[in-house]
Structure formats: structure tokens, C-alpha cells
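Inspection log for the structure reproduced underneath, given as C-alpha cells.
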Amino acid sequence: MFAVAVGWQVYALTKDPLALGLVGLCEFVPFVCLVLVGGYVADHVDRRKILLCMWTADALGLASVCLVTWAHITAVWPIYLAIGVFGTTRAFWAPSLQALVPNLVPLEEFPRALAVNGTLFQAAVIVGPALGGLLFLLGPEIVFGVCAALFLLIIILGYGLPPQRARPPPPGQTTDSRFLDGLRYVLHQRAVLGVISLDLFAVLFGGATALLPIYASDVLHIGPVGLGLLRTAPGVGAALTAGLLTWHPINRHAGSVMFGGVALFGISTLVFGESRIFVVSLLALFVLGAGDMLSVYIRGILVQLRTPDSIRGRVSAISSMFIGASNELGEFESGVTARWFGAVRAVLLGGTLTLVVVAGWMGLFPELRKLDRLR
């Protein structure tokens with residue numbers, strides 16, 4: 001909901017594609033600067049307390065954006081400032097949340113739990129943008145106010161999580177050594193490094209979703225409600241895929257499925273970039289979400305189950321940093337290339353580069369290409 005409202009509001013105020021790119025950059029910079037610290041904290045402090053503190057800050061940030069919009073302040077810097085706060089808090093809650101989940105269910109049930117979690121998340125991704133587009137008709141301050149109220153609900157639900165601390169690290173290590181253990185682990189586990197970096201570069205170049213406000217306004221001419229539907233389409237594809245994975249987890253040929261999913265993501269980006277028909281654009285984004293979910297599912301299992309709990313927060317921080325770079329930095333990259341070449345050419349270039357990344361990573365990480373079982 002927030003993404004739809006912010007995208008439409010910023011573009012309506014500026015009519016500048018680069019302004020949309022700055023939305024992602026404002027979240028990315030504080031996130032990438034602090035996420036390693038967040039991972040270290042996640043391995044040394046009760047992870048539930050971290051989540052509750054950061055979500056409280058998010059709720060306050062959303063309430064601030066609501067008040068600024070209600071006051072009819074047309075400057076965009078308050079929105080950028082609030083998004084910077086969200087990037088800061090996510091640097092702490094993302095590693096804690098990722099590290100907490102594997103300890104909530106039995107190890108043998110984790111792949112199915114991950115698929116259920118993905119289904120629920122994508123259900124919110126489906127409902128959120130569509131609802132955000134509809135509420136935007138009543139005013140952007142309504143969207144921001146509802147988002148703030150929902151974050152209060154998140155905080156209440158967060159109290160139901162069990163307290164959880166990671167197992168203490170081995171004795172005899174210096175503080176600096178412990179701080180960098182997650183990075184060292186990722187660099188020495190080529191399968192983990194390959195799957196994380198593949199997501200980074202593929203989504204970095206294929207970030208068509210950052211330009212959806214331009215497509216909705218200037219290419220497809222479908223307004224904020226249509227923008228909400230475009231935002232929803234990838235979530236529908238991802239949710240249906242996650243639901244199938246709940247009943248039929250990937251047990252064999254995991255590497256081939258993952259590369260196929262990322263390639264499907266790139267091809268769908270190309271189709272969306274060329275489309276001038278609303279229904280075709282929706283279908284392309286639907287398939288894009290399905291391909292992305294395959295990659296997310298395999299990466300989630302591979303990274304979490306192959307990481308010791310004592311450094312899981314720090315490894316999750318590395319994974320979150322790569323994911324954040326691919327999403328927020330990808331939005332900035334899309335905004336810059338759209339300003340240089342136009343939105344359509346920027347999307348087509350991104351889809352092409354995604355396919356180039358897939359081909360390159362299949363050669364650079366043969367062990368990942370040949371990966372059969374995830375456990």
C-alpha cells in the first residue's frame with residue numbers, strides 16, 4: 001500500500017523518473033550502511049525485542065508521513081526522510097526476522113514453512129497494492145494513515161513471538177572477528193555466495209516495478225487503480241507458486257529450477273517492457289512474480305539451513321544487504337536509465353541484462369548449476 005501511494009505521490013509532485021529512483025536510494029543507503037551491524041545485534045540481543053523496537057519506529061515514521069501529507073506540504077523531502085528511517089529500521093529487523101524463523105519450526109518442516117510464509121506474504125502483496133490504489137482515490141493521507149494503523153497491529157502480534165537469543169559464539173574470538181564471521185562464511189560457501197549474488201544482479205537490472213507509476217500514467221494510461229493492479233500482479237504469481245511449493249516442495253534439480261526461475265523473470269520483464277496492452281502487462285508481471293518466487297524459495301532454504309545458528313543473524317544480514325541492493329538500488333538504477341533512455345528502453349535493457357547475468361552465473365558457479373538437493 002505504501003509503495004503504491006509513495007510512487008504515485010512522488011511522480012505526481014515531480015514528474016521526474018529520477019525522483020522515483022531516489023525513493024529506492026533513500027532506503028538503500030542507510031540499510032546497506034547498517035545491516036551488518038543489525039546482523040551482529042541479531043546474534044547477541046533478543047531478536048523479538050529488536051523487531052518490536054524497529055516496528056515501533058516504522059509506525060511513527062508512517063504517522064509522520066500521514067501528517068505531512070494531510071497538511072498539504074508539496075515538498076518531497078519529508079517522504080524521502082521517512083523512507084530513510086524505514087531503511088534504517090529494516091537494517092535491524094530484517095536479519096532478526098530471517099534468523100528467528102528457522103527456530104520456530106522443526107528442521108524437516110522448514111521448506112514447507114518457508115513456502116507457507118511466502119504464500120502469506122504474497123497474499124499481502126496482492127491485497128496491499130490494490131487496496132492502496134483504491135484508498136488513494138480518497139487521498140494519499142488515507143493510505144499512509146491506514147499503513148500506520150496496520151503497523152500498530154504488527155507490533156501487537158509481535159508480542160506473541162517467543163523470546164529468542166542465538167547460541168553464543170565460540171570462545172577465544174575477538175569482537176572484530178565475530179563481527180565479520182557472517183561475511184567470511186558467505187565468501188567461503190560458493191553455493192551460498194552464488195545464490196545471493198545471482199539475486200542481487202538479476203533483480204538489480206530487472207527492476208521494472210520501480211517504473212510502474214510511469215507505465216500506469218504515461219504508457220498504459222490506467223490511473224492509480226490500474227497502478228495498484230500492476231503492483232498486485234507479481235504478488236499473485238508469487239503467491240500461487242508459493243502455494244504449489246507448500247504441497248510439492250522442490251526436492252530435486254534445485255539449481256536448474258532456480259536458474260530457470262530467474263531467466264523467466266528476465267523474459268517476463270522484456271514482455272512487460274514491450275506491451276502496450278493492459279492485460280498483457282498484467283500477465284507478464286504475473287509470470288515475473290512466479291519466476292522470482294522460485295528463486296526466493298531456493299535461496300531461503302539454502303541460506304538458512306546451511307548456516308549455523310550462532311552466525312545466522314550475520315549471514316541473514318549479508319543476504320538482506322544483497323536483497324536490499326537488488327531492490328532499492330535497482331529502483332535507483334531504473335530511475336536513472338529511464339531518465340537517460342526513457343522508461344520503455346530502460347525496462348528492455350534491464351530484462352536483457354538479467355538474462356546475461358543468468359548465463360554468466362551458470363558459468364561462474366557450476367556447483368550451483370549442478371545443485372540437486374537443498375539439504
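General remarks:
- Solvent-accessible area of Ile222, all protein chains in place: 40 Å² (probe radius 1.4 Å, heavy atoms, ligands and nucleic acids excluded).
- Calculated FRET value between Leu60 and Leu180, using beta carbons and R₀ = 51 Å, to 0.05: 0.95
- Distance between the 7 Å Cα→Cβ label points at Val280 and Thr352: 1.9 nm.
- Rounded to the nearest 20, the Cβ-based charge dipole of the chain about its Cα centre (Lys and Arg +1, Asp and Glu -1) stands at 740 debye.
- Label zone of Asn103 (point 7 Å out along Cα→Cβ, amide N under 13 Å): in segment 299-315 this covers 308-314.
- Each peptide in 54-65, 233-244 receives the mean, over its residues, of other Cβ atoms within 10 Å, and ordering these scores from highest gives 233-244, 54-65.
- For segment 244-320, a crude dipole built from +1 on the beta carbon of Lys and Arg and -1 on the beta carbon of Asp and Glu, taken about the Cα centre, is about 220 debye to the nearest 20.
- Computing FRET efficiency as 1/(1 + (r/R0)^6) for Leu13 and Leu120, where r is the C-beta to C-beta distance and R0 is 22 Å, gives about 0.05.
- In segment 1-86, the trypsin sites (Lys or Arg not before Pro) that fall in loop regions by DSSP, at most 15 other Cβ within 10 Å: Lys15
- Estimated from helical segments only, the mean residue ellipticity of the chain at 222 nm is -26500 deg cm²/dmol, where each DSSP H run of four or more residues counts as -39500 (n - 2.57).
- For the chain, the residue among Cys53, Leu348, Ala254 whose Cα projects farthest onto the positive side of the dipole built from Cβ charges is Ala254.
- Axial C-alpha extent at least 15 Å, average Kyte-Doolittle at least 0.0 - helices from the chain (DSSP): 2-14, 17-42, 47-70, 77-100, 110-136, 140-158, 190-205, 223-247, 254-274, 278-305, 312-324, 343-364
The values are calculated or read from the model by the stated rules, or taken from the named source; none is laboratory data. Predicted model, so just to flag it, every value in this text is computed and none were measured. Neighbour counts are summed over all protein chains in view; Cβ atoms, including those assigned to glycine, are modelled from backbone coordinates with ideal geometry. For the accessible areas, the whole protein counts, side chains as well, though only heavy atoms, and no ligand, DNA or RNA atoms are used. Shrake-Rupley method; radii C 1.70, N 1.55, O 1.52, S 1.80 Å.
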